[in-house]
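S.K.: Quick one: the structure is below, and I'll ask about it shortly.
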Amino acid sequence: MEATTILPVLKKKLAFLSGGKDRRSGLILTIPLCTEQTSMEELSTTLDYLLGIPSEKCKARGFTVIVDGRKSQWNIVKTVVLMLQNVIPAEVSLVCVVKPDEFWDKKVTHFCFWKEKDRLGFEVILVSANKLTRYIEPCQLTDEFGGSLTYDHLDWVNKRLVFEKFTKESTSLLDELTVINENEKGCQADKERSLESNILPSFDPETVLQTGHELLSELQQRRFNGSEGGGGGGGTTWSPMDDELLAQPQVIKLLDSLREQYTKYQEVCRQRSKRSQLEEIQTKVMQVVNWLEGPGTDQLRTQWGIGDSIRASQALQQKHEEIESQHSEWFAVYVELNQQIAALLSAGDEEDLMELKTLQQQLSDVCYRQASQLEFRQNVLQSAHEFHMTAQDLSQQLDGLLGMLCADVAPADGAAIQQTLKHLEEKLKSVEGALQSLREKGQVLLDQMSTQTSFSYGKDVTIENKENIDHIHSVTEDMQLRKQRCEDMVDVRRLKMLQMVQLFKCEEDASQAVEWLGELLDALLKTHIRLGDDAQETKVLLEKHKKFVDVAQSTYDYGRQLLQATVVLCQSLRCTTRSSGDTLPRLNRVWKQFTVTSDERQHRLEMASAFHTAAEKILRASPESAEMMVDLETYEELDAMGKSLLDRLTVPVIFPDGSEQFFGSPGDMASSAESIRDRMKLVEEKRFLQEEAEQRLDDDALEAGPRET
């Protein structure tokens, strides 16, 4: 009988083996009656199941049955005791009926169990719960009878289910593994056996073994705890599934047998897996080899062009990527197969090593050869794409350079021309670099095509590359010719732009000369004012004025030369719309104004020099000596000269266009006039002194005459 078939009945706890023992080491069977009507049929079933658990040796020591009637009626207790006679009469040595205090006293007189001992086959005693320890040790009684033995019925039922499940599954699994292992021995020499011989067990051996080990661990732990409790200790857990009840020895025996058969079965599975894997590898290897040698090689044979443009090369690359994608699927299979073969080689039998190595070598040779061809083709296409990219970039650069060279040059100034010229040189340098790069990439592509290898197993396949080679040479030569034409045009444009730079420079310098001449004129009018306080200072000012005029003359001549060069450059550049503009009239106008002003300054300085020279001569004369006296005519001339100079200072400079300009400010002119007036005043005083001296001389002469007479 299995626990699973009567599980609902077992869970009712109509009877149980708590693990406790009486003083004769007999097991204690407890029947806890309740207030509800107890089914005798279910109780009988429960007892049958429980009594089937202990060993014969254990049964021989007899059972002590505790019938707990404290919550039940006497007639039920009586029925249960009588039923024990039919269920387990030989195994029962003592029946302890736990009665409620002073409840059954009158009824007991009607039926004395001790009088029926011979007929029942066992002794029956009525006892109160607190006096049960007279017959059984407290440590062997559960807590409902005042003992210290712990018992969990649901836990016991669950563990019993596990034990029976393990026993059933392990027994069935042992039979199946034995059959499988025996059948495998007869099929080892049969290489052509059918797949039907690969029988699989109904249960997972690992799971069953795991369950058995856990169950054994639990049983061993309970036995250890029980041995401690059996010595009279209290508070320990006890289960009937110990070595005396055949649980632990049976589990150990089943585990040992199961491990032995499972080890053999694992070897059988390993051999099966190895044979199956080897056959699968052989099939897949031939699939990979046949595809790579067939459709894969045919695909590569048809791809040999490099295209004549970026778009064409991209289309070829896309087609090649599709081919690579198809190959990658087979290469993935190759990698997987190679790993599987390597694993089999590391753990394979001697008889399989040669076959595996042959398969591995064949697969590797085909895959590596095909992969090298794919890589070679990819490199050629990549080089072709780079060549076309460089050619297109160079063509665009040449178009841009030609556009610059064909456009009219109309720069605003020399700086713009220099910037344009620099940009032109940079463009040309970039074109030269791009052309050099095109030559290098073309040579790389030619070298790759010249080292073309075979596409299948040592058989050289000649691929016609003449069209590709001619295309590369044609593109390179065409770009070289276009670049040479642009270089020639750049040389012409460079010369023209340099002349334009020179033209702008001449115009700029001519304008600068006009500005300088204007600044000299402005300085002459505003700062060249002094006429000197004496003849020596005036002489120095005259020398400085001459040098100043020489500087202005050089500036004017420089401007004239620049304007003449401008005319020549315009004629060379054929710039009919460009001339010196208003620079030459401005230069001539400023120069005429400067000439008039410098002449006026020269004339005033000369008048001042003559005035100071005459004045100093008069001032040096002694009025006491007749020989050193100055005649009156000289004084009059000096006075006229001074007045003329003063009048000149008040007159403005009149330019050829009729405009007027004074030297300096009115204050400056007043200062110069005051200096002349002071000198004229000194001369006048000198004249007065001389007249007094002459008067005295005349008076002295008159006095001397009468005395002589």
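S.K.: Every residue in region 42-53 that is assigned to a helix (DSSP H, G or I) and either open to solvent by 70 Å² or more (accessible area, probe 1.4 Å) or under 28 Å from GLU137 (Cβ atoms) (or both), please.
M.R.: To start, the set of residues in region 42-53 that are assigned to a helix (DSSP H, G or I) comprises 42-51.
LEU43, THR46, LEU47, ASP48, TYR49, LEU50, LEU51, listed by residue number.
S.K.: Within region 535-550, identify whether any single residue is open to solvent by 60 Å² or more (accessible area, probe 1.4 Å) and modelled with pLDDT under 85, and answer yes or no.
M.R.: No; the residues of region 535-550 include none that is open to solvent by 60 Å² or more (accessible area, probe 1.4 Å) and modelled with pLDDT under 85.
S.K.: Has region 620-631 got at least one residue that is open to solvent by 60 Å² or more (accessible area, probe 1.4 Å), modelled with pLDDT of 85 or more and charged (D, E, K, R)?
M.R.: Of the residues in region 620-631, the ones open to solvent by 60 Å² or more (accessible area, probe 1.4 Å) are 620, 624, 626-628, 631.
Of the ones still in play, those that are also modelled with pLDDT of 85 or more are none.
No, region 620-631 contains no residue that is open to solvent by 60 Å² or more (accessible area, probe 1.4 Å), modelled with pLDDT of 85 or more and charged (D, E, K, R).
S.K.: Could you tell me how many of the residues in region 54-66 are of a type in the set (A, V, I, L, M) and either surrounded by 19 or more Cβ atoms within 10 Å (Cβ to Cβ) or in contact with a strand residue (DSSP E or B) (Cβ under 6 Å, 6 or more places away or on another chain) (or both)?
M.R.: 2
S.K.: When you go through (1) part of a helix (DSSP H, G or I); (2) over 60 Å from the mean Cα position of the chain (by Cα); (3) at pLDDT below 85 one by one for GLU169, which number turns out not to apply?
M.R.: (2)
S.K.: While we're here: With respect to LEU120, determine if the residue is surrounded by 19 or more Cβ atoms within 10 Å (Cβ to Cβ), more than 60 Å from the chain's Cα centre (by Cα) and either closer than 27 Å to TYR49 by Cα or modelled with pLDDT under 80 (or both). Quick ask: steps written out before the conclusion?
M.R.: Values: surrounded by 19 or more Cβ atoms within 10 Å (Cβ to Cβ): no; more than 60 Å from the chain's Cα centre (by Cα): yes; either closer than 27 Å to TYR49 by Cα or modelled with pLDDT under 80 (or both): yes.
Here the answer is no, as LEU120 does not meet what is asked.
S.K.: Something else about it: Do any residues in region 654-670 that are closer than 17 Å to LYS592 by Cα and touching a residue at least 24 places away in the same chain (Cβ under 8 Å) have Cβ atoms under 7 Å from those of residues that are acidic (Asp, Glu) and surrounded by fewer than 11 Cβ atoms within 10 Å (Cβ to Cβ), where the two are at least six apart or on different chains, and which pairs are they?
M.R.: Hits for this filter: ILE654/GLU660.
S.K.: Restricting the search to region 363-373, which residues are at pLDDT below 85 and either touching a strand residue (DSSP E or B) at 6+ places or on another chain (Cβ under 7 Å) or open to solvent by 50 Å² or more (accessible area, probe 1.4 Å) (or both)?
M.R.: Those that are at pLDDT below 85 and either touching a strand residue (DSSP E or B) at 6+ places or on another chain (Cβ under 7 Å) or open to solvent by 50 Å² or more (accessible area, probe 1.4 Å) (or both): none in region 363-373.
S.K.: Specify which of the listed residues (SER346, SER309, SER325) is over 19 Å from HIS385 (Cβ atoms) and of a type in the set (Ser, Thr, Tyr).
M.R.: Matching residue, one of SER346, SER309, SER325: SER346.
S.K.: Any chance region 149-170 includes a residue that's over 20 Å from THR211 (Cβ atoms) and open to solvent by 50 Å² or more (accessible area, probe 1.4 Å)?
M.R.: Checked region 149-170: at least one residue is over 20 Å from THR211 (Cβ atoms) and open to solvent by 50 Å² or more (accessible area, probe 1.4 Å).
S.K.: Restricting attention to region 274-294, does a residue exist that is within 14 Å of LEU177 (Cα to Cα) and part of a helix (DSSP H, G or I)?
M.R.: No: zero hits.
S.K.: Could you say whether any residue in region 395-402 is modelled with pLDDT of 85 or more, open to solvent by 40 Å² or more (accessible area, probe 1.4 Å), over 30 Å from TRP304 (Cβ atoms) and assigned to a helix (DSSP H, G or I)? Show your work before the answer.
M.R.: As a first pass, look at region 395-402 and keep what is modelled with pLDDT of 85 or more: 395-400.
Applying the additional criterion that residues be open to solvent by 40 Å² or more (accessible area, probe 1.4 Å) yields 396, 399.
Retained after the next criterion (residues that are over 30 Å from TRP304 (Cβ atoms)): 399.
With assigned to a helix (DSSP H, G or I) added as a condition, the list becomes 399.
Yes, region 395-402 contains at least one residue that is modelled with pLDDT of 85 or more, open to solvent by 40 Å² or more (accessible area, probe 1.4 Å), over 30 Å from TRP304 (Cβ atoms) and assigned to a helix (DSSP H, G or I).
S.K.: Taking region 5-21, which residues are in a strand (DSSP E or B) and not hydroxyl-bearing (Ser, Thr, Tyr)?
M.R.: Selection gives PHE16, LEU17, GLY19, GLY20, LYS21.
S.K.: Being closer than 30 Å to GLU425 by Cβ, among the hydrophobic types (A, V, I, L, M, F, W, C) and part of a helix (DSSP H, G or I) narrows it down to one residue among PHE376, PHE387; which is it?
M.R.: After ruling out the rest, the residue left standing is PHE387.
S.K.: Being under 20 Å from ARG377 (Cβ atoms) and open to solvent by 60 Å² or more (accessible area, probe 1.4 Å) narrows it down to one of GLU355, GLU267, GLU280, GLU322, so name that one. Steps first, please.
M.R.: Details: GLU355 fails: under 20 Å from ARG377 (Cβ atoms); GLU267 fails: under 20 Å from ARG377 (Cβ atoms); GLU280 fails: under 20 Å from ARG377 (Cβ atoms).
It is GLU322.
S.K.: For region 95-102, indicate whether the set of residues that are open to solvent by less than 30 Å² (accessible area, probe 1.4 Å), under 26 Å from MET1 (Cα atoms), more than 60 Å from the chain's Cα centre (by Cα) and at pLDDT 85 or above is non-empty.
M.R.: Taking every residue of region 95-102 in turn, at least one turns out to be open to solvent by less than 30 Å² (accessible area, probe 1.4 Å), under 26 Å from MET1 (Cα atoms), more than 60 Å from the chain's Cα centre (by Cα) and at pLDDT 85 or above.
Conditions (1) part of a helix (DSSP H, G or I); (2) open to solvent by less than 50 Å² (accessible area, probe 1.4 Å); (3) touching a strand residue (DSSP E or B) at 6+ places or on another chain (Cβ under 8 Å), marked per residue:
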residue	(1), (2), (3)
GLN602	yes, yes, no
ALA640	yes, no, no
VAL651	no, no, no
ASP657	no, no, no
GLY664	no, yes, no
ILE676	yes, yes, no
LEU682	yes, no, no
GLN690	yes, yes, no
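S.K.: Does GLN340 meet the test of being part of a helix (DSSP H, G or I) and touching a helix residue (DSSP H, G or I) at 6+ places or on another chain (Cβ under 8 Å)?
M.R.: yes
S.K.: To continue, here is another question. State all residues of region 15-38 that are surrounded by 20 or more Cβ atoms within 10 Å (Cβ to Cβ), among the polar types (S, T, N, Q) and over 21 Å from ILE76 (Cα atoms); if no residue qualifies, say none.
M.R.: Scanning region 15-38 gives a single hit, SER18.
S.K.: Continuing with this model, one more query. Return the only residue of VAL492, VAL501 being aliphatic (A, V, I, L, M), open to solvent by 60 Å² or more (accessible area, probe 1.4 Å), in contact with a helix residue (DSSP H, G or I) (Cβ under 9 Å, 6 or more places away or on another chain) and at pLDDT below 85.
M.R.: Testing whether each residue is aliphatic (A, V, I, L, M), open to solvent by 60 Å² or more (accessible area, probe 1.4 Å), in contact with a helix residue (DSSP H, G or I) (Cβ under 9 Å, 6 or more places away or on another chain) and at pLDDT below 85 leaves just VAL492.
Results for (1) charged (D, E, K, R); (2) modelled with pLDDT under 85; (3) open to solvent by less than 10 Å² (accessible area, probe 1.4 Å), shown as yes or no for each residue.
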| site | (1), (2), (3) |
| --- | --- |
| MET1 | no, yes, no |
| LYS13 | yes, no, no |
| MET40 | no, no, no |
| ASP68 | yes, no, no |
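S.K.: If we keep just the residues of region 26-38 that are modelled with pLDDT of 85 or more and assigned to a loop (DSSP other than H, G, I, E, B), which is nearest to THR133 (Cα to Cα)?
M.R.: Only one residue fits best here, namely GLY26.
S.K.: Looking at CYS506 and the list (1) buried (at least 18 other Cβ atoms within 10 Å of the Cβ); (2) under 28 Å from ALA415 (Cα atoms); (3) over 60 Å from the mean Cα position of the chain (by Cα), which single condition is not satisfied?
M.R.: Going through the list (1) buried (at least 18 other Cβ atoms within 10 Å of the Cβ); (2) under 28 Å from ALA415 (Cα atoms); (3) over 60 Å from the mean Cα position of the chain (by Cα), CYS506 breaks only (3).
S.K.: Going through ILE88, ILE66 one at a time, which residue ends up being touching a Ser or Thr at 6+ places or on another chain (Cβ under 6 Å) and among the aliphatic types (A, V, I, L, M)?
M.R.: Of the residues listed, the single one that is touching a Ser or Thr at 6+ places or on another chain (Cβ under 6 Å) and among the aliphatic types (A, V, I, L, M) is ILE66.
S.K.: For the structure I just gave you, tell me whether PHE376 is open to solvent by 30 Å² or more (accessible area, probe 1.4 Å) and among the aromatic types (Phe, Trp, Tyr).
M.R.: Answer is yes for this residue.
The values are calculated or read from the model by the stated rules, or taken from the named source; none is laboratory data. The structure presented is a predicted model; accordingly, all values stated were derived computationally and were not measured. In this analysis, Cβ positions are derived from the backbone assuming ideal geometry, glycine residues included, and neighbour counts consider all displayed protein chains. Ligands, DNA and RNA are stripped out before the accessible areas are found, and what is left, the full protein with its side chains, is counted by its heavy atoms. Shrake-Rupley method; radii C 1.70, N 1.55, O 1.52, S 1.80 Å.
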